[in-house]
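Visitor: Handing you this structure, nothing more for now.
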Amino acid sequence: MDEIQRELLDIVTQVRTHLEYQRALGVRVIAVPSSVAPLSHSAPKIDASPSTPPVTNQKVIKAVPLSARGDDGRTSSVHPETLASIREELGECVRCKLHKGRKTIVFGEGDAEAKLVFVGEGPGFEEDQQGRPFVGAAGQLLTDIIEKGMRNKRAEVYICNIVKCRPPGNRNPEPDEVAACIGFVKQQIAVIRPQVIVTLGNVPTQNLLNTKEGITRMRGKWQVYEGIPVMPTFHPSYLLRSPGEKGNVWEDIKLVMKKLGLSIPSKESDS
Ligand code: SF4
């Protein structure tokens, strides 16, 4: 094998690795930018699963930018069709080592057309047991924020996490675990297309917004993910340990309510 052949083999290997990674994230078709000449006039797309025969009973996921569905200019490289199709793609996931200790995959729950999505870091013990996000003590606090503070029903928002399996001992998910799982929450957001996202704590804030800035500095300041306003705030489990921070979280939530056009309780509206 000469040097050119070795380089070609190296390129093919890299492309294959990338396509397999995209396939693991649920991507089935990758659009080729118009500036890249197709290898064939009849082949404008690259199948992300070249070694897999077509599945005839599964809808093809088209790489249509989100802006094609609306007029708000949002774009995304991933556009699955439904939350159910994402859950189906997730399957009994073993893409990272967190699968070894889980009882249940905690996919997320709520309104598929919610205007507001909360993103936490990962399931805890109760969530792992029940297969539902935010159902322990911290979950009750989040429910209180939604129902008593925002005066909305929990079922009317959508709640999910950056990783869908419980990290052992409730530790933070590690970078390789986040890398394996984050594509799914991004797809969930792409389907729901909320008006606002609230990230709860460091892990979702840093990973969704691609920053190393800590939550203490980030909270209360609007950010943007894929054209969607993002409000970082403290995780409810932190509030259980530091109840003095509840006031700061309420300030952040009031900003969210204003952005959503929700009325703020009169005694609070001037603050
Ligand atoms: S955390 Fe995510 S990527 Fe890892 S096994 Fe669970 S579902 Fe799969």
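The values are calculated or read from the model by the stated rules, or taken from the named source; none is laboratory data. Please read all numbers here as calculations on a predicted model, not as lab measurements. Counting neighbours? That spans all protein chains shown, and the Cβs are built from the backbone with ideal geometry, glycine included. Surface areas here come from the heavy atoms of the whole protein model, side chains and all, with no ligands, DNA or RNA. Shrake-Rupley method; radii C 1.70, N 1.55, O 1.52, S 1.80 Å.
Visitor: Counting only residues that are within 15 Å of Val106 (Cβ to Cβ) and either of a type outside the set (A, V, I, L, M, F, W, C) or open to solvent by less than 10 Å² (accessible area, probe 1.4 Å) (or both), how many does the stretch 154-167 have?
Guide: 9
Visitor: Across the stretch 237-259, what is the total count of residues that are open to solvent by 30 Å² or more (accessible area, probe 1.4 Å), touching a residue at least 60 places away in the same chain (Cβ under 8 Å) and hydrophobic (A, V, I, L, M, F, W, C)?
Guide: Total satisfying the criteria: 2.
Visitor: Is it the case, given these coordinates, that Ile264 is open to solvent by 10 Å² or more (accessible area, probe 1.4 Å), over 30 Å from Gly183 (Cβ atoms) and touching a helix residue (DSSP H, G or I) at 6+ places or on another chain (Cβ under 9 Å)?
Guide: Against the criterion (open to solvent by 10 Å² or more (accessible area, probe 1.4 Å), over 30 Å from Gly183 (Cβ atoms) and touching a helix residue (DSSP H, G or I) at 6+ places or on another chain (Cβ under 9 Å)), Ile264 qualifies.
Visitor: Being without any contact (Cβ under 8 Å) to a residue 24 or more places away in the chain and either in contact with a Cys (Cβ under 7 Å, 6 or more places away or on another chain) or on the phi < 0 side of the Ramachandran plot (or both) is true for just one of Gly149, Gly214. Which residue is that?
Guide: Matching residue, one of Gly149, Gly214: Gly214.
Visitor: Still on this structure, please answer the following. Pairs only if they're at least six apart or on different chains, beta carbon under 8 angstrom, first in the stretch 91-120 and in contact (Cβ under 8 Å) with a residue 60 or more places away in the chain and at negative phi, second within 11 Å of the ligand (Cβ to nearest atom) and assigned to a strand (DSSP E or B); list them, first residue then second.
Guide: Val106/Asn161; Val119/Asn161; Gly120/Asn161
Visitor: Next question. From the list Val106, Val119, exactly one residue is under 24 Å from Val196 (Cβ atoms) and in contact with an Asp or Glu (Cβ under 7 Å, 6 or more places away or on another chain). Which is it?
Guide: Of Val106, Val119, the one residue that is under 24 Å from Val196 (Cβ atoms) and in contact with an Asp or Glu (Cβ under 7 Å, 6 or more places away or on another chain) is Val106.
Visitor: Name the single residue, out of those in the stretch 128-147 being within 18 Å of the chain's Cα centre (by Cα) and open to solvent by 20 Å² or more (accessible area, probe 1.4 Å), that is farthest from the ligand (Cβ to nearest atom).
Guide: Restricting to residues being within 18 Å of the chain's Cα centre (by Cα) and open to solvent by 20 Å² or more (accessible area, probe 1.4 Å), the top hit is Arg132.
Visitor: Would you mind listing the helices (runs of 4 or more DSSP H) fully within the stretch 108-201 where at least 1 residues are of a type in the set (Val, Ile, Thr)?
Guide: 137-144, 175-192
Visitor: Please go through (1) open to solvent by 70 Å² or more (accessible area, probe 1.4 Å); (2) not in a strand (DSSP E or B) for Thr205 and return the number of the only condition it doesn't satisfy.
Guide: Evaluating Thr205 over (1) open to solvent by 70 Å² or more (accessible area, probe 1.4 Å); (2) not in a strand (DSSP E or B) leaves (1) as the failure.
Visitor: Starting from residues that are in contact with a His (Cβ under 9 Å, 6 or more places away or on another chain) and either at pLDDT below 95 or open to solvent by less than 40 Å² (accessible area, probe 1.4 Å) (or both), keep the ones in the stretch 88-120 and report whichever is nearest to the ligand (Cβ to nearest atom).
Guide: By that ranking, first place goes to Cys93.
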